[in-house]
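The values are calculated or read from the model by the stated rules, or taken from the named source; none is laboratory data. Because the structure is predicted, anything quoted here is derived from the model rather than measured. For neighbour counting, all protein chains shown are included, and Cβ atoms are generated from backbone atoms with ideal geometry for every residue, glycine included.
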Amino acid sequence: MTTTETLYCYNHPTRETSLRCNNCNRPICASCAVRTPTGYRCKECVRKQEKIFDTSEWYDYLVGFIVASVLSGIAAFLVTLVGGIGFIGWFLIAAGAPTAGVAIAEGVRAVTGKRRSKSLFITVAVGVVVGALPVILFQALALQFFGIIFQVIYLILATPVVYTRLSGIQLFR
């Protein structure tokens, strides 16, 4: 007959558990366990693993933001020109905005040396929005409501494309 010792969570000493972190082998309760593709891990081991993939430098945030803003400003200006075409402009913007998002993401990737960080991806996405703001403000002052709608469509389509392209999120495999 085997005897099993009662395990208690290392973070919550009053909680009995049968789980262990598959990395450091510490006992963890269900609220401390993080499910990964390789099994359950404690939050500290998950944070250590995430830090390995955070390779961006401090200047990547500044450079990525500036490049995204400039390229987004150019794309927003082009959206203004395409919006003047008329009905066909809607289709051109729907096709062109994701393409602009890919171009912005690849431009940022080129200047940051393919370094990665979740906060870098968010900073670049904010740069896309900030780059389009001058064009949106100009159109608001000129009372061009369809121009503003075109800019909003551009931002709704391009910003997620930039984020997913940089972060490597794959929607379809």
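Structural remarks
- For V34, the test of being under 30 Å from Y10 (Cβ atoms), outside any helix (DSSP H, G or I), touching a residue at least 12 places away in the same chain (Cβ under 8 Å) and outside the structural domain of L133 (by TED's automatic domain parsing) is passed.
- Per-region count, the range 83-102, residues among the aliphatic types (A, V, I, L, M), part of a helix (DSSP H, G or I) and surrounded by fewer than 18 Cβ atoms within 10 Å (Cβ to Cβ): 5
- Test for V63: is it assigned by TED's automatic domain parsing to the domain that holds I136 and either more than 21 Å from the chain's Cα centre (by Cα) or assigned to a loop (DSSP other than H, G, I, E, B) (or both): no
- Among the residues making up the range 37-56, those that are within 21 Å of the chain's Cα centre (by Cα) and either touching a residue at least 60 places away in the same chain (Cβ under 8 Å) or farther than 25 Å from S119 by Cα (or both) are F53, D54, T55, S56.
- Test result for A110, closer than 22 Å to V152 by Cα, among the small types (G, A, S) and either surrounded by fewer than 20 Cβ atoms within 10 Å (Cβ to Cβ) or at pLDDT below 95 (or both): no
- Within the range 114-173, the residues that satisfy the criterion of being of a type in the set (S, T, N, Q) and either under 13 Å from G64 (Cβ atoms) or in a helix (DSSP H, G or I) (or both) are S117, S119, T123, Q139, Q151, T159, T164, S167.
- Inter-residue pairs, beta-carbon under 7 Å, first farther than 9 Å from Y163 by Cα and in the range 113-125, second among the small types (G, A, S), 6+ apart: R115/S56; R116/S56; S117/S56; L120/S56; L120/G64; T123/G64
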